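A.B. asks: Right, I'll just put the structure down here and ask away after.
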């Protein structure tokens with residue numbers, strides 16, 4: 001398996017622009033997680049899905065952030081409008097509940113908002 | 001809520017053993033994990049231990065679990081420069097996603 005795939009790997013944008021991050025989980029996995037990593041806050045869980053349904057979005061920082069999972073093989077995290085404080089590395093991870101909670105991470109998207 | 005604590009930095013000489021420590025608060029944790037993050041990369045699963053185990057060994061890695069004290073450690077024998085990375089401890093229960101610590105940055109001095 002190719003593992004968790006994220007795109008783009010790097011994104012530079014200007015404040016106020018819309019940013020869309022994409023994730024393809026490992027085939028057959030039924031959970032998908034979005035994380036944000038910064039030096040100050042460490043690794044933060046933003047939202048997670050089970051069978052394409054959002055379960056807990058309490059980590060989403062504000063209404064500018066939204067996430068969707070239209071099918072089992074694709075998810076997006078959108079920031080609209082983006083702000084400089086959104087600059088971070090965003091990770092997607094997936095897991096298969098029947099084999100425990102082991103999460104497999106993608107390589108991340110490094111976002112810089114100017 | 002659940003919390004996972006780790007020291008932020010550790011520096012060791014090449015060839016020495018490294019011990020990275022972690023404490024957690026959720027006594028119902030079923031699995032405890034160690035992930036490794038190399039520069040510019042995602043988190044990579046290193047090893048995990050079930051809560052009913054005390055120790056797990058995998059080549060140069062030894063995981064020790066003290067469930068009474070809610071203390072987890074990762075020992076890396078014969079530490080190499082390639083082991084320089086951030087190591088994350090994480091704990092998870094039956095029906096909850098993983099809770100991660102802030103990570104320990106291991107620096108290996110040649």
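Every number here is computed from the coordinates shown, using simple stated rules; none is lab data. Note that this is a predicted model, so its numbers are computed, not measured. Cβ sites come from the backbone with ideal geometry, for glycine too, and all protein chains shown count toward neighbours.
A.B. asks: Pick from A:18, A:62, A:44: which is most flexible by mean-square fluctuation in a GNM of chain A where alpha carbon atoms under 10 Å apart are linked?
C.D. replies: Maximum among the listed residues: A:62.
A.B. asks: Determine the shielding of peptide A:85-93 by partner chains: average, over its residues, the number of Cβ atoms on other chains within 10 angstrom of each Cβ. Intermediate results must be reported in sequence, preceding the final value.
C.D. replies: On the way: counts 0, 0, 0, 0, 4, 0, 3, 1, 4.
Mean number of neighbouring Cβ atoms from other chains: 1.
A.B. asks: Give the order of A:36, A:41 when sorted by the count of other beta carbons within 10 angstrom, beginning with the fewest. Mind showing how you got there, number by number?
C.D. replies: On the way: A:36 22, A:41 10.
Listing A:36, A:41 from fewest to most nearby Cβ atoms yields A:41, A:36.
A.B. asks: When you count, for each residue, the other Cβ atoms within 10 Å and take the mean per peptide, how do B:38-49, B:81-92 rank with the highest first? Each step should come with its number before you reach the end.
C.D. replies: Numbers: B:38-49: 16.1, B:81-92: 20.8.
So the peptides B:38-49, B:81-92, ranked by packing, come out B:81-92, B:38-49.
A.B. asks: What ranking do A:29, B:71, A:10 get, fewest neighbouring Cβ atoms within 10 angstrom at the top? Please report the intermediate quantities before stating the final value.
C.D. replies: Values: A:29 19, B:71 13, A:10 10.
In order of increasing Cβ crowding within 10 Å: A:10, B:71, A:29.
A.B. asks: Let me confirm one metric for peptide A:42-51, namely the mean number of other chain beta-carbon atoms within 10 Å of its residues' beta-carbons. It would help to have the intermediate numbers written out before the result.
C.D. replies: Working: counts 8, 12, 1, 4, 0, 0, 1, 0, 1, 0.
Taking all residues of A:42-51 together, the mean is 3.
A.B. asks: Now for a separate question. When Cβ neighbours within 10 Å are restricted to other protein chains, what is their mean count per residue of peptide A:98-104? Before the final figure, lay out the partial values.
C.D. replies: Working: counts 0, 0, 7, 14, 8, 9, 4.
Mean shielding count: 6.
A.B. asks: Next question, about the same structure. Fewest first, what order do B:18, A:7, A:94, A:73 take by the number of other Cβ atoms within 10 Å? Don't skip to the end; give the middle numbers.
C.D. replies: Numbers: B:18 21, A:7 13, A:94 26, A:73 16.
Listing B:18, A:7, A:94, A:73 from fewest to most nearby Cβ atoms yields A:7, A:73, B:18, A:94.
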